[in-house]
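This report refers to the structure that appears directly beneath it.
The values are calculated or read from the model by the stated rules, or taken from the named source; none is laboratory data. Please read all numbers here as calculations on a predicted model, not as lab measurements. Neighbour counts run over all protein chains shown; Cβ positions are idealised from the backbone, glycine included. Side chains included, ligands, DNA and RNA excluded: accessible areas come from the protein's heavy atoms. Shrake-Rupley method; radii C 1.70, N 1.55, O 1.52, S 1.80 Å.
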Amino acid sequence: MLIRHAEAADYGRVITVIDEWWGGRQMAAMLPKLFFVHFRDTSFVGEDDAALAGFLCGFRSQTFEDEAYVHFVGVDPARRGSGLGRELYARFFDAVAPRSVVRAVTAPVNEPSVAFHRAIGFEIERVDEDYDGRGQSRVLLVWRR
């Protein structure tokens, strides 16, 4: 498995599988290409024999100097449980060091995401019932170094 920094050219490969990897949920609009252009040093792609296996897009907070944020992470469903998601996060934690707080947000219906994040050390900070607008609840997760 090769894990490397994301490049703008990776966007097309990621965006074509994202809805499928999320079980048909329409997620592509939530991941603009700008993550692959402007946040390459904190975004990663995992490849196995040149095939896309997973990705993580995140950034250092511009508001809070000790925080970073993971905007999107995905692993090919056929490769889940392989440790790739954990390794993508490890690369991100290293890239944003010495920042001591990493945040992530997921939907309450995405129970596998909540379970994964908890398994790698995130805590549920709270559930915000109207995070993305009326009726759009989200689970706010936090990891501390």
Those strands (runs of 3 or more DSSP E) completely within the stretch 34-145 that have 2 or more residues that are more than 14 Å from the chain's Cα centre (by Cα) and over 18 Å from Met1 (Cβ atoms) are 123-128, 138-144
Among residues of the stretch 87-145 being of a type in the set (Phe, Trp, Tyr) and open to solvent by 20 Å² or more (accessible area, probe 1.4 Å), the residue modelled with the lowest pLDDT is Tyr131
Flagged pairs (Cβ under 6 angstrom, 6 or more apart or on separate chains; first in the stretch 63-77, modelled with pLDDT of 95 or more; second in a loop (DSSP other than H, G, I, E, B) and hydrophobic (A, V, I, L, M, F, W, C)) are Phe72/Leu31
Log entry, pairs with first residue in the stretch 43-58 being over 10 Å from Leu84 (Cβ atoms) and polar (S, T, N, Q), second being assigned to a strand (DSSP E or B) and modelled with pLDDT of 95 or more, beta carbons closer than 6 Å, six or more apart or on different chains, reads Ser43/Cys57
message = Just checking, does the stretch 6-15 include any residue being of a type in the set (Lys, Arg), open to solvent by 70 Å² or more (accessible area, probe 1.4 Å) and at pLDDT below 95?
response = no
